[in-house]
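Reading through the structure tokens given below for one structure.
The values are calculated or read from the model by the stated rules, or taken from the named source; none is laboratory data. This structure is a prediction, so every number in the text was calculated from the model and none was measured. Glycine also receives a Cβ, built like all others from the backbone with ideal geometry; neighbour counts cover every protein chain displayed. Quick note on the areas: whole protein, heavy atoms, side chains included, nothing else; ligands and nucleic acids left out. Shrake-Rupley method; radii C 1.70, N 1.55, O 1.52, S 1.80 Å.
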Amino acid sequence: MPSNQVLLRSIEQQLDDFVLHSPKNIVADLDSMRIYDQPLVAVAGAEDMYWDRLKQPHIVGPQHLSPTEWLDGARSVISYFLPFTERIRSANRSEGWPATEWLYGRYEGAAFNDVVCSFLVDTVRQAGGRALAPALDGRFAVANFRSNWSERHVAFIAGLGTFSLNRSLITDLGAAGRFASVVTDLALEPTPRPYTEVDEYCTKCGACIRRCPPLAIDKNGKDNAVCFHYLQETQLRYKPRYGCGKCQTAVACEARRPPVSSAKSSIPNSSL
Ligand code: SF4
Ligand code: SF4
């Protein structure tokens, strides 16, 4: 095995171990509920042609920074997906307001994701690389629902999965979970992208359309503003927590890639 693959494997093992054994991945208030299962990890090359494409206005926009703009000399990006545990997902299969478990997964889970991301930065540095997490960097910014570092797009480039009708990213372990990434000057082997279409894993079954309480999703995709306002409503009700995730639970793409045999509708493919 080439040495950079051994290095990646070692980084992956340390990440797995951290996620599975960290006390911060446990919610004591909910009878020691674990938030995340073992992560999926993949690597994108800093020279990938997709970085420039993300700067197009109809994709993310010119504000999206490429790996070398975050870190001079960057050669790779390590992207990971933290899947929510079955307990969180199954609780949220109900209709209407979010399950308590989901609210904790979303809120405490986001805080723990930052801890995981910092751990990955430290792990890469200990392995001899320079490393930076854009989402934790002072330059990170979001405006009009678009950021200058889109974790879902990064994960797509790294080969973790494809986009879906509800604007999630469907991985081999489904869409219910969180993403993050770290830019490094370590030269790691990019992970193959086992897809050719940007929304290849979405069967267009339409189940997420029917699950959405404020009707933010239709056959053309998701209206971010409608979703955002609904999330604000949940925050008024459950402060400091918030969340919904109905479009990611009780659907075929909740925790796996939907079977290709699922009937496709006439909903068209989107483009990246
Ligand atoms: S529920 Fe169906 S249409 Fe919606 S994202 Fe999942 S696979 Fe795609
Ligand atoms: S998170 Fe909730 S409100 Fe937003 S698109 Fe999904 S189901 Fe709709």
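Quick notes
- Furthest towards positive pole of dipole, ILE217, PRO57, ALA180, structure part the chain, Cβ charges: ILE217
- The amide H of ARG256, built 1.01 Å from its N in the peptide plane, has GLY174, ALA175 as neighbours under 5 Å, considering only residues 5 or more places off or on other chains.
- Rounded to the nearest 10 Å², the accessible area of LEU173 at probe 1.4 Å: 70
- For the stretch 142-272, size of Cβ-based charge dipole, Lys and Arg +1, Asp and Glu -1, in debye: 560
- Of ALA42, PRO192, ASN166, farthest towards positive along the dipole that unit charges on Lys, Arg, Asp, Glu beta carbons give the chain: ASN166
- Rounded, prolate or oblate (a/c below 1.5 giving rounded, otherwise prolate when a/b exceeds b/c) for the stretch 123-164 by Cα gyration tensor: oblate
- Other-chain or far-sequence residues with amide H under 5 Å of ARG178's (modelled H): LEU82, PHE84
- Simple Cβ-charge dipole of the stretch 3-248, Lys/Arg +1 and Asp/Glu -1, about Cα centre, in debye nearest 20: 740
- The stretch 12-26 - phi-based ³J(HN,Hα) in whole Hz, Karplus 6.51/-1.76/1.60, Gly and Pro as x: 4, 5, 5, 5, 4, 4, 5, 5, 6, 10, 6, x, 6, 8, 10
- Other-chain or far-sequence residues with amide H under 5 Å of ALA250's (modelled H): none
- Overall, the anisotropy analysis places the stretch 145-272 in the oblate class: the square-rooted eigenvalues a ≥ b ≥ c of its C-alpha gyration tensor yield a/c not less than 1.5, with a/b not exceeding b/c.
- Scalar couplings 3J(HN,Hα) for the stretch 27-32, obtained by applying the Karplus form with A = 6.51, B = -1.76, C = 1.60 to θ = phi - 60°, are 9, 4, 4, 10, 6, 6 Hz; x denotes Gly and Pro.
- Förster radius 25 Å - calculated FRET efficiency between ARG210 and TYR238, Cβ distance, rounded to 0.05: 0.60
- Pairwise centroid distance, computed over Cα atoms, of the stretch 25-97 with the stretch 100-144, Å: 9
- Residue separation of SER90 and ASP223 scaled by 0.36 nm, minus their Cα-Cα distance, works out to 45.3 nm of gained length.
- Within the full protein context, the accessible area of TYR230 is estimated at about 20 Å² for a probe radius of 1.4 Å.
- Extending 7 Å from Cα along the Cβ direction at HIS58 and again at ALA127 yields two label points whose distance is 3.7 nm.
- Kirkwood Rh in Å, taken over the stretch 1-115 so that all alpha-carbon pairs contribute: 16.7
- Rounded to the nearest whole Hz, the Karplus-based 3J(HN,Hα) values (6.51 cos²θ - 1.76 cosθ + 1.60, θ = phi - 60°) of the stretch 103-114 follow the sequence 4, 5, x, 6, 7, 5, x, 5, 5, 5, 4, 4, with x at glycine and proline.
- If the chain linking MET49 and ASP17 were pulled fully straight, counting 0.36 nm for each residue of separation and taking away their Cα-Cα distance, it would gain 8.2 nm.
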